[in-house]
Amino acid sequence: MTSWHERTIEQRDLLNPAFCAVVLWHIALGYREEALSTGSGEGGLPLELSFVGASLVLRGQTRSKLPGTIRTSLIAWLQDNPLERSAIARGVEILRPYVREAIIFGVHHGALMTAGPSLAPIDSAKNKMTIYVKQASPDVQDCVRRGQFVGRWLQKNGTSGTTLALLGLEP
């Protein structure tokens, strides 16, 4: 991991642990909401999917190509966007240290909690998240909005093993 003062301005802005923790909080929230609405079991975002979710949301080109509805399956979306498969996989690799740092930051600051092999949003952080998002730039608001969508979409598309396999990733 590059020390903070050695990071580029872009890394400090887009990949800082606080912002990434906010995005992860929204991904985990969306995942939990979808699990609860469908009654499909555990509502915690599997840790491995937090890396996939971050790759889907933080890369603007990928984020702009996400489907408009969670009814679009991941496999259908990948067929329509074949280049995104490798971009997402590469993003998971590149973002790994930043996502880990964001998880630690989010847990330390009371926004996220880990429950075994999953990540969950802490409900008491909702007011802070709402205030932050209302004051944020349109790009940040888009990341947050799409983050919540991605959480729901990942939950809807089956097991984390299936999602990883479709993207050519290993657990």
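The values are calculated or read from the model by the stated rules, or taken from the named source; none is laboratory data. Owing to the predicted nature of the structure, the values given are computational and were not obtained by experimental measurement. Heads up, the Cβs are rebuilt from the backbone with ideal geometry, glycines too, and the neighbour counts pull from every protein chain shown.
Figures for the structure shown
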read-out	value
Selection within segment 88-135 - under 15 Å from the mean Cα position of the chain (by Cα) and of a type in the set (Gly, Ala, Ser)	Ala89, Gly91, Ala102, Gly106, Ala111, Ser118, Ala120
Per-region count, segment 90-126, residues assigned to a helix (DSSP H, G or I), under 17 Å from Pro46 (Cα atoms), aliphatic (A, V, I, L, M) and touching a residue at least 24 places away in the same chain (Cβ under 8 Å)	6
Yes/no for Arg96 being surrounded by fewer than 20 Cβ atoms within 10 Å (Cβ to Cβ), within 22 Å of Thr8 (Cα to Cα) and out of contact with any Lys or Arg (no Cβ under 8 Å at 6 or more places or on another chain)	yes
Count of residues meeting criterion [touching a residue at least 12 places away in the same chain (Cβ under 8 Å) and either surrounded by fewer than 15 Cβ atoms within 10 Å (Cβ to Cβ) or of a type in the set (Val, Ile, Thr) (or both)] in segment 73-89	3
Test result for Thr69, closer than 20 Å to Thr162 by Cβ and without any contact (Cβ under 8 Å) to a residue 60 or more places away in the chain	yes
Of all residues making up segment 130-171, the number that are among the charged types (D, E, K, R), loosely packed, with under 14 Cβ neighbours inside 10 Å and assigned to a helix (DSSP H, G or I)	2
Matching residues, segment 127-136, being more than 21 Å from Gly43 (Cα to Cα) and among the hydrophobic types (A, V, I, L, M, F, W, C)	Ile131, Val133, Ala136
Those helices (runs of 4 or more DSSP H) lying entirely in segment 1-72 with at least 1 residues touching a Ser or Thr at 6+ places or on another chain (Cβ under 6 Å) and modelled with pLDDT of 90 or more	17-38, 47-58
